[in-house]
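> Quick one: structure below, then a few questions.
The values are calculated or read from the model by the stated rules, or taken from the named source; none is laboratory data. Here the structure is a predicted model, which means the values were calculated and not measured. Note that we place each Cβ from the backbone using ideal geometry, even for glycine, and neighbour counts take in every protein chain shown.
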Amino acid sequence: MQVSVAYAEPDHQEWVEFEAPEGITAEEAVRMSGILEKFPHLELEGKKLGVFGKPVKDDQELREGDRVEIYRPLQADPKKARTRKRKSAEGGEEDKGDAGGDGSGSTGEGE
């Protein structure tokens, strides 16, 4: 059956398609794909795997056409990153509710 394995770093991405035996697991597919040789610093131990964007366990059996993805750890907490970005865009001010107005949500236009 055809399966693929994908891994991406900021400056280099790989997607490897190959013929795999029936009953192959996500981890076995990663090892069989040769992607670990293309990224020698990549250690599979402790890495999260997914199939088409949904997390799976290493021993998840694959189906025809599945794409296994190797996830890197987040570089920053997404919520904190959004807060920093918003504060930076506002000139460092705290969020004061809706954008303008008296906080009532009214636009003041013919209501």
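> Could you list, in sequence order, all residues of region 1-20 that are assigned to a loop (DSSP other than H, G, I, E, B) and exposed (fewer than 12 other Cβ atoms within 10 Å of the Cβ)?
From region 1-20, those assigned to a loop (DSSP other than H, G, I, E, B) are 1, 10-11, 20; that's our starting set.
Scanning region 1-20 gives PRO10, ASP11.
> Could you say which residue among LYS87, LYS80 is at pLDDT below 95, over 19 Å from the mean Cα position of the chain (by Cα) and not polar (S, T, N, Q)?
Values: LYS80 fails: over 19 Å from the mean Cα position of the chain (by Cα).
Among LYS87, LYS80, only LYS87 is at pLDDT below 95, over 19 Å from the mean Cα position of the chain (by Cα) and not polar (S, T, N, Q).
> For HIS41, which of the numbered conditions (1) within 17 Å of GLU9 (Cβ to Cβ); (2) touching a Ser or Thr at 6+ places or on another chain (Cβ under 8 Å) fails to hold?
That leaves (2) as the condition not met.
> Turning to a different aspect of this structure: Is it fair to say THR107 is modelled with pLDDT under 90 and either assigned to a strand (DSSP E or B) or surrounded by fewer than 10 Cβ atoms within 10 Å (Cβ to Cβ) (or both)? Don't jump to the end; show me each part of the working.
Working: modelled with pLDDT under 90: yes; either assigned to a strand (DSSP E or B) or surrounded by fewer than 10 Cβ atoms within 10 Å (Cβ to Cβ) (or both): yes.
Yes.
Residues checked against (1) in contact with an Asp or Glu (Cβ under 9 Å, 6 or more places away or on another chain); (2) not aromatic (Phe, Trp, Tyr):
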position	(1), (2)
VAL3	yes, yes
TYR7	yes, no
GLU14	no, yes
GLU27	yes, yes
ARG31	no, yes
LEU36	yes, yes
PRO40	no, yes
LEU44	yes, yes
VAL51	yes, yes
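> Consider GLU27 carefully, then state whether it is farther than 12 Å from VAL3 by Cβ and at pLDDT below 95. Don't jump to the end; show me each part of the working.
Numbers: farther than 12 Å from VAL3 by Cβ: yes; at pLDDT below 95: no.
In short, no.
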